[in-house]
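The values are calculated or read from the model by the stated rules, or taken from the named source; none is laboratory data. Please read these numbers as outputs of a predicted model, since none were measured by experiment. Quick reminder, even Gly has a Cβ in these numbers, built from the backbone with ideal geometry, and neighbours come from all protein chains shown.
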Amino acid sequence: MKRCYLILTILIIGTIFSSTSVFAESVNELNEKVDELEDEKNQINQETNGVESEVNETEEKINENQEQQEETKNEIDVINSDLEETHAKLQAKENDIAATNNKISETEDEIAKTEEEITALKDEIEALKEEIKQLEEKIESREELLKNRLRSIQQNGGNTSYLEVILGAQSFGDFINRATAVTKIMDSDKKIVEEQQEDKEKLEENKVAVEENKAEMEEKQVALEEDKQELENTKASLVAQKQELDEIQSTLNDQMVNKENLIAQLETEEEELHEHKMSLAEEQETLQQQAAMIEKAKKEAQQKIEQLAEEQRKAQEKSEDSSSSSQSNNNSPSLSAGGNGSLAWPAAGRKTSDYGYRSFNGGGFHYGIDIANGKGTPIKAAADGVVSRSYVSSSYGNTIFVYHPELDLTTVYAHLNSRGVSYGDSVSQGQQIGTMGNTGNSFGDHLHFEVHIGGWQQHNGVNPLNYLP
């Protein structure tokens, strides 16, 4: 690459050489230089092919990244669907649990009410027992009374009748009294017998009612307790199901976070791949333009061979002395390989960043130096040369590449506010080629200045301070 631009230098500045130096170059030497240019062109073509291969590889990675993003988004959709379904199930379970809690509460209220009824029934049973006891005492008393009357009747012969009592009256008034007394006695006996019978029936009814009420309340209480237990079991099952759904939801949420992080990572990767692809495209275009310059130099060299052959033929025709004199002056111009002061400062201002690794602005390696000043500050060519690239970079903004054949160096001027030269323009040291700005990935008005040995490549920059006074 270095030789390529060395030959290109000769072609560009060939017009300033004297006729003596032109005749000093032999056809064989120029043929060798054409061959070298062809080799340099082939090397650049190989580099271009390598960049093209890397571009294709990057595009494949971008496609794979996008496919993975699409797959991840589909997985996120599935997780979202599962989350919605799980959330609906959780809501249903919570509703079921709430309904079950209400039923349990209602059952507990019924149990409490039943217990109150049982308590009241117990009081009623006690009252009935007391009433039964009183009835039993009344029945027992009546039975004793009846027994005494029967005993009295037996003691009186057992043949006494109410008719004899009535007929034994001494007067009508006595008759009325006796009849009335007999009626009362008969009514009393009848009443006693009826009351006795009623009390016995009531006693049996009370006993049956007590047993029935008691059994009914006990059955109701058992049924309510069973209902409550069943509801408690249902609630426990629902709580367990809800806990399981909570765990599923938590797992799905974790999966969602992981997938979202993966999407973010893939999107960052894709952005970096696109930036890399753009960087490769810039590199590819630069290499293609450099290859075009070499092809142009090759044609100019071939034209020069023809011109030199014609001049040598004419010179030989004139005189043998003239030919030998021209051959004795076969000296090529000496070219500087670079050194301190070989380049001029490209802009006025203060140096704000050096060449090398740095910790600020995202870190990484800084392939040049930064010179800060106001917007519009003139940017000048650091040495004589030819513009090998002038374009807008996605990262460097307005950018100019200048190749300096006499030094075999390429200088880069980035983040310009404006560009004043185009591809293929020749420039002189100190000539304004643009103005300082803040374009591309930049923070504040400044010039990013790089130096590359030979032609520009992605990361072959050297410290510009080694070439500045």
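Structure notes:
- Residue check for residue 164: more than 30 Å from residue 202 (Cβ to Cβ) and either surrounded by fewer than 11 Cβ atoms within 10 Å (Cβ to Cβ) or at pLDDT below 75 (or both): yes
- Among the candidates 29, 57, residue that is modelled with pLDDT of 80 or more, assigned to a helix (DSSP H, G or I) and not polar (S, T, N, Q): 57
- Among the criteria (1) surrounded by fewer than 16 Cβ atoms within 10 Å (Cβ to Cβ); (2) closer than 17 Å to residue 289 by Cβ, the one residue 401 does not fulfil is (1).
- Some residue of segment 168-176 being among the aliphatic types (A, V, I, L, M), modelled with pLDDT of 80 or more, in a helix (DSSP H, G or I) and in the same structural domain as residue 121 (by TED's automatic domain parsing): yes
- Of all residues in segment 200-234, those satisfying the criterion of being more than 19 Å from residue 121 (Cβ to Cβ), under 60 Å from the mean Cα position of the chain (by Cα) and touching a residue at least 12 places away in the same chain (Cβ under 8 Å) are 227, 228, 231, 232, 234.
- In segment 38-53 there is no residue that is modelled with pLDDT of 85 or more and aliphatic (A, V, I, L, M).
- Residue that is nearest to residue 377 (Cα to Cα) [pool: residues in segment 422-441 that are among the polar types (S, T, N, Q) and in contact with a Ser or Thr (Cβ under 9 Å, 6 or more places away or on another chain)]: 435
- In segment 92-114, the residues that are more than 22 Å from residue 222 (Cα to Cα) reach residues that are among the polar types (S, T, N, Q) and surrounded by 13 or more Cβ atoms within 10 Å (Cβ to Cβ) with C-beta atoms within less than 6 angstrom, at least six apart or across chains, in these pairs: 93/241.
- Of the listed requirements (1) touching a helix residue (DSSP H, G or I) at 6+ places or on another chain (Cβ under 8 Å); (2) loosely packed, with under 13 Cβ neighbours inside 10 Å; (3) of a type in the set (Ser, Thr, Tyr), residue 81 misses just one: (1).
- Scanning segment 404-425 for residues that are buried (at least 24 other Cβ atoms within 10 Å of the Cβ) and either part of a loop (DSSP other than H, G, I, E, B) or free of Cβ contacts under 8 Å to residues at least 12 places away in the same chain (or both) turns up just one, 407.
- Any hit, segment 389-403, residues being in a strand (DSSP E or B), touching a helix residue (DSSP H, G or I) at 6+ places or on another chain (Cβ under 8 Å) and among the hydrophobic types (A, V, I, L, M, F, W, C): yes
- Residues located in segment 374-391, provided they are among the polar types (S, T, N, Q) and closer than 10 Å to residue 420 by Cβ: 390
- Residues (closer than 30 Å to residue 205 by Cα and at pLDDT below 70) located in segment 136-161: 146, 149, 150
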